[in-house]
1. Quick check: anything in the stretch 97-107 farther than 24 Å from Ser300 by Cα and either modelled with pLDDT of 80 or more or of a type in the set (S, T, N, Q) (or both)?
2. Does Ala201 qualify as being within 24 Å of Asp79 (Cβ to Cβ), in a loop (DSSP other than H, G, I, E, B), of a type in the set (A, V, I, L, M, F, W, C) and touching a Lys or Arg at 6+ places or on another chain (Cβ under 6 Å)?
3. Looking only at the stretch 290-313, count how many residues are open to solvent by less than 30 Å² (accessible area, probe 1.4 Å) and among the polar types (S, T, N, Q).
4. Consider Arg173 carefully, then state whether it is open to solvent by 50 Å² or more (accessible area, probe 1.4 Å), assigned to a loop (DSSP other than H, G, I, E, B), farther than 24 Å from Met85 by Cα and in contact (Cβ under 8 Å) with a residue 12 or more places away in the chain.
5. Report every pair of residues separated by at least 6 positions or lying on different chains whose Cβ atoms are under 9 Å apart, first residue within the stretch 1-17 and of a type in the set (Gly, Ala, Ser), second surrounded by 14 or more Cβ atoms within 10 Å (Cβ to Cβ) and assigned to a helix (DSSP H, G or I).
6. Quick check on my filter: what residues within the stretch 177-197 are surrounded by fewer than 19 Cβ atoms within 10 Å (Cβ to Cβ) and at negative phi?
7. In the stretch 233-283, what residues are buried (at least 20 other Cβ atoms within 10 Å of the Cβ), among the polar types (S, T, N, Q) and in a loop (DSSP other than H, G, I, E, B)?
8. Hey, can you tell me all the residues within the stretch 16-45 that are within 17 Å of Lys4 (Cβ to Cβ), polar (S, T, N, Q) and assigned to a loop (DSSP other than H, G, I, E, B)?
Amino acid sequence: MTIKQIADSLGVSTATVSNVIHGHLEKMSPETAQSIREQLEKYQYIPNMGARMLAKGDSQIVGVITNYPNREEKLALQDPFVSEMLGALENAIRSRGYFTMLYAAQNAAEIHRIAQTWNAMGLIIMGLQANQCRELMQVTGKPIVFVDCYFDRGETYNNIGLDDREGMYRLTRHLLSLGHRDILYIGDQPILWGLDACRQAGHIQALDEAGVGWSQERYFCIAKDRKRRPADFDRLIDRLRRGLDTAWMFISDYYAVEAMAYLHDQGLRVPADISVTGFDDNLLARMVRPRLTTVHQNVSKKADWAVRTLFGVVEGDLEAPFTLTLPTRVVRGQSVRPLKDSGESIQNG
């Protein structure tokens, strides 16, 4: 039924029915409001969202574009961190009465096309390189907040990020305190940039401070293609059997937990045979046993700040570019074996 039909059936105006739909009940009796609600429920009335948006002059849509690196070809949204981030963003956007339009981009050209053609009040874009951010700002006039984008010194954009360097620095120090020196750092990029470069920089800083030399031989590039990763895991196991490593530091929990499962299938034990760490403290890290030692980031807070910043820009509360770097903390699970008494109290979470 239409609003007019419902109004006619009750002998009230269409404006009165519309006020109930939108929660404006100040000028009507509770009895009238209740009667209208009952009719709306009886006929399962669904508001015409297009009409509502046109009336308000606002699309009520926030565009969310993810460009996080795909670890399984086109299945990036299956990554627990990415899905947790998107869920937190959608919840924060919905809490403001807006709707989320999502696109998982494969390249910069797709992002440019979507940014220019979507009828969104603003965009939240995740995982771009610095040069892609610059290009995007030049081709669209929409308000944009970047998440997990890494800029050159002196560049300022609306960006909500993480202190990746400090997180990996502290995690490396934790391993060093337990006596580990033969640490292999494992990422998925032949040439590190952005997030991976920041994390590796923290790793190398901690090694340098401890007087432990680092060389390119201490970096292992794992394949993003899932079908190719078993061969990489076999090469890692070969290193283990040759006594080259006591600990593997993965760039993410996703890879760390996958490696732990592969090791288990080969009859190898974590941490008895090799210590393993990750980064993110996602659902996999919390569920796997032994519990993964990792670096925690608050995904909900990151999403909340991204949405808060976007609405601040749209509503004029934020004029200058706003940049926020959120803190991290080490989560000490049971996936790292102490090679010596560190004097630390090893506790979960």
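The values are calculated or read from the model by the stated rules, or taken from the named source; none is laboratory data. What you are looking at is a predicted structure, and each value in this text was computed from that prediction instead of being measured. Backbone-built Cβ (ideal geometry, glycine too); neighbour counts: all protein chains shown. Accessible surface areas use protein heavy atoms only, side chains included; no ligands, DNA or RNA. Shrake-Rupley method; radii C 1.70, N 1.55, O 1.52, S 1.80 Å.
1. yes
2. Taking the combined requirement at face value, the residue does not satisfy it.
3. 4
4. no
5. Ala7/Thr14; Ala7/Thr16; Ala7/Val17; Ala7/Ser18; Ala7/Ile36; Ser9/Gln39; Ser13/Ala7; Ala15/Ala7
6. Ser177, Arg181, Asp182, Gln189, Pro190, Ile191, Leu192, Trp193, Ala197
7. If the condition is that a residue be buried (at least 20 other Cβ atoms within 10 Å of the Cβ), among the polar types (S, T, N, Q) and in a loop (DSSP other than H, G, I, E, B), then Thr246, Ser252, Asn282 are the ones that fit.
8. Gln44
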